[in-house]
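The values are calculated or read from the model by the stated rules, or taken from the named source; none is laboratory data. Note that the structure is a prediction, hence the values are computed from the model and not measured. Every residue, glycine as well, gets a Cβ built from its backbone with ideal geometry; the counts of neighbours run over all protein chains shown. In case anyone asks, the SASA skips ligands and DNA or RNA and just uses the protein heavy atoms, side chains included. Shrake-Rupley method; radii C 1.70, N 1.55, O 1.52, S 1.80 Å.
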Amino acid sequence: MARIRVLVVDDHRIFAESLAAALAAEPDVDVSAAGSGPAALRALERAAAEGRGYDVLLVDAELGALTTGGAHAVPVPRQEAAGVVDGISLVAGVSSGRPAVRSVVLAEKDDPRAAARALQAGASGWVAKDCSLQRLLAVIRGVLRDETHLPPALLTGVLRELTAARKHRTESERLVESLTPREREVLRCMVAGLGRKAVAERLFLSPHTVRTHMQNVLGKLGVHSTLAAVALARRAGVGPAEHALGNVVERGGQLAQ
């Protein structure tokens with residue numbers, strides 16, 4: 001019998017342990033639990049190194065909320081808090097680095113926007129936490145057959161969100177295409193976090209020339225800050241300049257180094 005290896009990732013310990021115990025009762029399921037994004041990544045690395053990688057990741061949609069804020073926030077050491085990985089980021093990282101692993105997001109409420117973001121990040125399913133064990137097992141086995149699972153009540157809202165995201169991406173791509181090749185280079189440096197002086201050194205330009213290019217980029221993209229330009233660039237699929245180092249600082253919407 002082929003066994004399915006499942007990793008439950010949830011910082012609500014009682015829920016994670018209860019779900020893991022329920023799944024472990026199935027004859028064809030091996031299950032482990034991780035209490036945070038970093039812990040999940042370490043578990044994935046260990047399993048891969050041992051040649052017994054996980055098949056399915058069950059990820060809490062609110063992963064990280066207990067350590068980052070909210071009425072029920074739990075104080076954690078600063079170094080641990082700095083390593084918090086939210087659920088969508090974890091899904092995206094696993095989808096990119098370990099495409100054979102299927103991710104399913106477990107949520108306490110229906111949220112079309114969050115579900116759309118999860119699918120865009122690479123999730124194969126979105127399931128309510130209060131669903132039956134039989135339903136969850138059906139989803140686990142379904143995603144391993146390359147199926148995508150969504151609650152019927154979410155389908156219309158998710159399709160609307162995905163359509164809107166595609167429209168925004170198309171508009172962002174059009175704006176980026178209006179830039180000159182040099183301005184696109186500058187934009188990629190901005191995406192990488194480089195400030196004016198660092199861009200000047202990288203592109204062998206004067207800081208004054210770089211400032212002019214940056215202002216032209218903001219004008220052509222129709223935005224008023226570096227952060228907005230970077231967000232638009234990412235929607236258009238613009239990646240950071242390779243091997244870039246440095247930081248961007250904004251003061252009152254103005255560029256500064």
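Summary table below
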| quantity | calculated |
| --- | --- |
| Long-range amide H partners of S103 with built H, under 5 Å | L57, S124 |
| Label-point separation in nm, A228 to A49, each point 7 Å along Cα→Cβ | 4.7 nm |
| Amide H partners (placed H, <5 Å) of I4, local residues excluded | V29, D30 |
| H208/E171 FRET efficiency (R0 35 Å; Cβ-Cβ; nearest 0.05) | 0.65 |
| Qualifying trypsin sites (Lys or Arg not before Pro) for region 1-33 [loop in DSSP, other Cβ within 10 Å: at most 15] | R3 |
| Heavy-atom accessible area ranking, 1.4 Å probe, most first, across H224, H213, H12 | H224, H12, H213 |
| Rounded FRET efficiency, nearest 0.05, which uses the C-beta distance separating K109 from L159 and R0 of 25 Å | 0.85 |
| Dimensions in Å of region 179-246 - Rg and Dmax from alpha carbons | 10.6, 29 |
| Carbon + sulfur, % of accessible area of region 1-55 - ligands and nucleic acids excluded, 1.4 Å | 53 percent |
| Charge dipole (debye, nearest 20) of region 83-212; +1 at Cβ of Lys and Arg, -1 at Cβ of Asp and Glu | 280 debye |
| Estimated vicinal HN-Hα couplings, Hz - region 222-228 in sequence order (Karplus 6.51, -1.76, 1.60; Gly, Pro = x) | x, 10, 10, 8, 4, 4, 5 |
| Förster-model FRET efficiency, 22 Å R0, A138 and E17, C-beta, rounded to 0.05 | 0.50 |
